[in-house]
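Undergrad: Take this structure first; my questions come after.
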Amino acid sequence: MKFAVLVAILAENLEEKAIDVARKAGAGGVTILDARGIGGKEKKTFFGLTYEGSQSALVFVLEKKLSLAVMKALRDELDLKSHSHGVVFTVPLEHIAGIDLSQVERFEERIKDDI
């Protein structure tokens, strides 16, 4: 079974919506990291302090085929094609240990349904 890591780096105010969208698309657990980013454009400063805004990095370990479905759902529901609210990408996962067996069983059921 092939797995992928899906990473969604989004504005913090989109975190809950992104998790809901991902779960509806079939994702299970998620690791949530607080993040900061520096974009290509200069940020506004106020009394010498630069405001960069808060971001969340959502990390999902998913079956490869499911990762594409979740990525597309996030792209469409969060309107990432036309607005720069964040970025979503997948990375192939070669080795994994410690994954929840119930998640593996769900992946196996999806594969059986596809066959």
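Since every read-out is calculated from the coordinates, none of them should be taken as a lab result. Every value quoted in this text rests on a predicted model; they were computed, and no experiment measured them. Positions of Cβ are backbone-derived with ideal geometry, glycine not excepted, and every protein chain shown enters the neighbour counts.
Undergrad: How about the stretch 85-98: which of its residues are out of contact with any Lys or Arg (no Cβ under 9 Å at 6 or more places or on another chain) and in contact (Cβ under 8 Å) with a residue 24 or more places away in the chain?
TA: Answer for the stretch 85-98, where residues must be out of contact with any Lys or Arg (no Cβ under 9 Å at 6 or more places or on another chain) and in contact (Cβ under 8 Å) with a residue 24 or more places away in the chain: 85, 86, 87, 89, 91, 96.
Undergrad: Here's another thing I want to ask about it. If I ask for residues that are among the hydrophobic types (A, V, I, L, M, F, W, C) and over 30 Å from residue 112 (Cα atoms), which ones from the stretch 50-100 would you list?
TA: Passing the criteria: 57, 78, 80, 87.
Undergrad: Now for a separate question. Name the single residue that is farthest from the chain's Cα centre (by Cα) among those in the stretch 86-102 being of a type outside the set (Val, Ile, Thr) and surrounded by 15 or more Cβ atoms within 10 Å (Cβ to Cβ).
TA: 93
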